[in-house]
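Everything below concerns the one structure shown next.
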């Protein structure tokens, strides 16, 4: 076989492997996260480029904003205020329908009526005068009844939510389902199934036109591109808030299920809901793509202006109203393709607008088959063509195929409202070009050896392999980057070392450090150095890591978990049990080859690095395994943290808030969340000088979850009771040692 033939076979084989991997991804057998990321990015680009401009006058958002809270008081408001707002919306403003992006799962006891009823039934039951007076006052004190009566004045849709955690609570009452299992049949196989719910009070549900859930359906990257139109619970399937609100606004009693079939184009059409001729296409999970509009698409009306009747009637008359909140501390903020800070109520408004305007995008039912066929055809054509052409023709051919794929996709998006994921086709075109043009480089180049020589002593082998694919991007020169750094240290190591022979101590350290290093490297971290029993590692260099903070925190959590599994092995070897403290912090750091003419090291330096070291030292003060700086927390939206303290560490004048990571949000149990809620409430009370409330919460928590952390605060409270803090005390604790 000639060299040219061998090269063709090699290139075609690599091309075939790429196409097989993409095919396996499309069929769900081998998930490739980078393909999903590209799908998301291209979808977001299409949404941003084609979203409608201007104001949609059909939907208005009544906003419980900061102005409303200042005027009407802190949330939640007594429901008699909501009753007044509801009454005004119907009687004064003449709106078409009202939907609440708010749950009403608990009775309103703010009027004191329950207390009076207990008095009438117990201490004052022999006082008929009191009972009679109570009955006279009841209508004015029963805020729930007032709100219920206001709901009956027009088309009103309550909000509620489903919970998907195992053993979740079931609060209040669910509305009538949209369909049952028999009606949906196999369509519901992939729908989301709930474990619990926060429903509506029966008396409110009885008077309202209906109720819809307001749960979202985020993709794997946390961005909300779809919203569920149906969610299952115990073989019944319930409708979302936009669906029920559309029904109420149009006065439609029933929603039909459209189940197209047959030959030709109908075979590819999606299943859909039909509300008086308005079609809402949904996918296999019961989700619908949200047709986001440009910023400023909806009029926001302050709730207090509605309550007081000061809003011009022309702004609301005949409109569909969504009641939600954007007030600081209450805002339901989501990440969407058009903004990383997006009001959750506006997502419902966008979907309502899309339903009414019938501009909802949809995915063909045979999408997987169509995607596989397109990728295979592209693979065969490009994989055969490129090995036989010059680099210039190969580049022009690739560009042509890429333009063709994108043009067809944009045409389907705009002309047919069809959404085709672009990730796999684009990767097949570009990937085949890269594979073919780089074949000789990857096989014959010495770049891997060069990059290994340059960085091999600093970074794990896996990153060296990845870096060798583009060696020009990496060097040892100093630069400033946003990074994360981790320090870990063995507790009471001096005592441990004094009790072991030198050989045993070395063997134990090698065993421990090897295990911890493996975790850091698996999380794409770089080991900076070992300082005796301590480990220093960083993320974000030499390879850029957009998830550096999350990777560092997840590495810290895994180090603590794996240590629990290592300790039994350590005991079997006759060594003492090991406990470690870990500090993690993020910020801008200087990274590069630093040192002297005698010795250089690839390391990081900055105040953020020093703070991470201080946090590691503070873990023993609070009896915690991990402490994380506030800048790190800001990068980890999917990890649950508990605020531990606000401190000034030695060497820093400004206070910093420190946190304990509890784990990924979807894995943290209810007990841990309860512990977090109680402790953070105690901390807030402590910093506001409400030492009685803080002590009460901490002592109850100490009985349930004994911890040194609670004792630290209880000792501070005892100290401040005898030595009250100055009037200008800011609640910050200052540490004078490292």
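Here, each number is a calculation from the coordinates, and none is a lab measurement. A quick note: this is a predicted structure, and the numbers were derived from the prediction, not measured. All Cβ positions, glycine included, derive from the backbone under ideal geometry; neighbour counts span all protein chains shown.
Values computed for the structure shown
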{"read-out": "Additional length obtainable on full extension of the chain from residue 165 to residue 308, 0.36 nm per residue less Cα span", "value": "47.4 nm"}
{"read-out": "Potential extension, residue 407-residue 715 segment - 0.36 nm per residue separation minus Cα distance", "value": "104.0 nm"}
{"read-out": "Distance-filtered residues of region 555-575 - backbone nitrogen under 20 Å, label point 7 angstrom along residue 522 Cα→Cβ", "value": "555-571"}
{"read-out": "Point-to-point label distance, residue 507-residue 653, nm (Cα→Cβ direction, 7 Å offset)", "value": "5.4 nm"}
{"read-out": "Relative contact order of region 476-663, pairs being alpha-carbon contacts under 8 Å that are 6 or more residues apart, as %", "value": "25 percent"}
{"read-out": "Extension gain from residue 13 to residue 438, taking 0.36 nm per residue of separation minus the Cα-Cα distance", "value": "151.6 nm"}
{"read-out": "The chain - share of DSSP beta bridges that are antiparallel (%, nearest 5)", "value": "65 percent"}
{"read-out": "Theoretical ellipticity at 222 nm over the chain - DSSP helices of four or more residues, -39500 (n - 2.57) apiece, nearest 500", "value": "-14500 deg cm²/dmol"}
{"read-out": "Ranking of 15, 284 by count of other Cβ atoms within 10 Å, fewest first", "value": "284, 15"}
{"read-out": "Ranking of 33, 716, 550 by count of other Cβ atoms within 10 Å, fewest first", "value": "33, 716, 550"}
{"read-out": "Förster-model FRET efficiency, 51 Å R0, residue 681 and residue 544, C-beta, rounded to 0.05", "value": "0.85"}
{"read-out": "Taking 420, 282, 164, 34 and counting other C-beta atoms within 10 Å, the order from fewest to most", "value": "34, 164, 420, 282"}
{"read-out": "For region 669-731, the fraction of alpha-carbon pairs in successive 10 Å shells from zero, as %", "value": "22, 54, 19, 4"}
{"read-out": "Residues residue 399 and residue 569, FRET efficiency given R0 of 45 Å [Cβ-Cβ distance, rounded to 0.05]", "value": "0.20"}
{"read-out": "Rounded FRET efficiency, nearest 0.05, which uses the C-beta distance separating residue 53 from residue 256 and R0 of 35 Å", "value": "0.60"}
{"read-out": "Projected area, mean over directions - the chain, Cα convex hull, nm²", "value": "44.0 nm²"}
{"read-out": "Value of Rg/Rh across region 233-333 [Cα atoms, Kirkwood radius]", "value": "1.06"}
{"read-out": "Spacing of the two label points (7 Å from each Cα toward its C-beta) at residue 268 and residue 702, in nm", "value": "6.9 nm"}
